[in-house]
Amino acid sequence: MSMLRRLGRLFGGEGAAQENERAAPPPAAPPPPKVFDYKDDRIPDSAQAKIAHILESIEAVEKAMEREQVPSFSRVDTGQMRDVHLPQLVQSYIDVPASHRGEIFRKTGKSASFLLGASLDRLQERVDAMLRDLAQHDINAFTNNMQFINERYSDDDNPFR
């Protein structure tokens, strides 16, 4: 090996970078999101129904987002809602021992299951708003295409009619 090459490696030149690239392991893949059991017996039936509806609505939003040019932060928002916020909300309800849920009622005047349901309703409202916004894009596209077809293929300008 030539002296220049050795000096280059010593000072972090091209050869050292290539060696470091070969030696560095590939980055680890992020762990898959934890699957949450929303059929847990500790979750009230009314909350389970709301959760199922929220998850169906999020899936509908994600399918609609595939057709639209949606900012990436919106995609992240729905993913966080499904994979982080919803499971954390439900888990925090489950974590409160049933024998101590009365304390929540004494502090707020509302039961823990009522507060869980109200929080789930807020999540559903947000998902519904996202669906409405995405539907409005589809409605606007349809309206624009209809107007174009009507203008383009209208016989109103035909002088021979």
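Tell me the net charge near Gln124. Cut-off is 14 Å between Cβ atoms, Gln124 excluded, with +1 for each Lys or Arg and -1 for each Asp or Glu.
Its environment carries a net charge of 0.
For a Förster distance of 25 Å, can you work out the FRET efficiency between the beta-carbons of Val76 and Thr108, rounded to the nearest 0.05?
FRET efficiency, Val76 to Thr108: 0.20.
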Classify the stretch 91-161: rounded, prolate or oblate, from the alpha-carbon gyration tensor (a ≥ b ≥ c, eigenvalue square roots; a/c under 1.5 rounded; otherwise prolate if a/b is larger than b/c)? prolate
Need one number: nm distance between label points at Met146 and Gln48, each 7 Å from Cα along Cα→Cβ, rounded to one decimal. 4.3 nm
How large is the accessible surface of Phe148 in square angstrom, using a 1.4 angstrom probe and rounding to the nearest 10? 110 Å²
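The values are calculated or read from the model by the stated rules, or taken from the named source; none is laboratory data. Since the model is a prediction, treat every value here as computed from it, not as a measurement. We place every Cβ from the backbone using ideal geometry, glycine too, and count neighbours over all the protein chains shown. Note: areas computed on protein heavy atoms with side chains; ligands, DNA, RNA excluded. Shrake-Rupley method; radii C 1.70, N 1.55, O 1.52, S 1.80 Å.
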